[in-house]
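Chemist: Below are the structure tokens for one structure; questions will follow.
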Amino acid sequence: MKIINSIFIIDDDPITVFGIRKMLDRTVEFNTISTYGNGKLALDGILKVLKNGKAIPEVIFLDINMPIMDGWQFLEEFIVLPIEEKVRINIVTSSIDPADYENWGHYNDKSHHLITFNTKPIKCSEIAAITKPAE
């Protein structure tokens, strides 16, 4: 498997962040992981990376229910950024609301990025498959 340069985890639940990090440590080769407690902090991090000419994250794990800026608001801002590379965005949610699944379809159709919809908890057996860079 290719070494992933950068992974972002955007989730306000420290237990989920801890679990995803542990699974990634065991199953995926990567250089860095950055974590953010809401979409605004993550968007600011991505804008800083773009401004400094550094590589954007290849894989993002994104919760949709967060304070300040939720996952949908983050996606709205992210998909219009001048990013040519295709990013794998894994929506990770415990939501069972059909509207969330419809929103995923909306953003998936609107973007060149690979956006997947995953339900919590993510299993260790699934983590490697959803952490491959988008092609």
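Every number here is computed from the coordinates shown, using simple stated rules; none is lab data. The model shown is predicted, which means the values in this text are computed figures rather than measured ones. All Cβ positions, even for glycine, are placed from backbone atoms using ideal geometry, and neighbour counts span all protein chains on display.
Chemist: For the chain, what relative contact order do you get, as a whole percent, if you take Cα pairs closer than 8 Å and at least 6 residues apart?
Modeler: Details: 218 pairs, mean separation 36.2, N = 135.
That works out to 27 percent.
Chemist: Rg and Dmax of region 4-131, Cα atoms, in Å?
Modeler: Using the Cα atoms of region 4-131, the pair Rg, Dmax is 13.5, 39 Å.
Chemist: Right, next: Return the lysines within reach of Lys22: Cα separation strictly under 16 angstrom, same-chain partners fewer than 8 residues apart disregarded; answer none if there are no such residues.
Modeler: Leaving aside lysines fewer than 8 places away in the same chain, those within reach of Lys22 are Lys120, Lys123.
Chemist: Take every Cα-Cα distance within region 92-135, group them into 5 Å bins from 0 onward, and report for each bin the whole-number percent of pairs it holds.
Modeler: Taking all Cα pairs of region 92-135, the binned fractions are 5, 19, 26, 22, 21, 7 percent.
Chemist: Let me ask something else about it. Cα centroid distance between region 84-135 and region 1-41, in Å?
Modeler: Cα centroid to Cα centroid, the span is 14 Å.
Chemist: Check cross-link reach from Lys54 to the lysines: straight Cα distance under 24 Å, and skip same-chain residues fewer than eight apart.
Modeler: Hits, sequence-local ones excluded: Lys2, Lys40, Lys86, Lys132.
Chemist: Label region 19-74 by shape, choosing from rounded, prolate and oblate, from the square roots a ≥ b ≥ c of the eigenvalues of the Cα gyration tensor; if a/c is under 1.5 it is rounded, and otherwise prolate applies when a/b is larger than b/c, oblate when it is not.
Modeler: Details: a/c = 2.65, a/b = 1.16, b/c = 2.29.
In terms of gyration-tensor shape, oblate.
Chemist: Looking at Met69, Thr93, Leu114, which one has the Cα that reaches farthest to the positive end of the dipole of the chain (charges on Cβ: Lys, Arg +1; Asp, Glu -1)?
Modeler: Most positive-ward Cα: Leu114.
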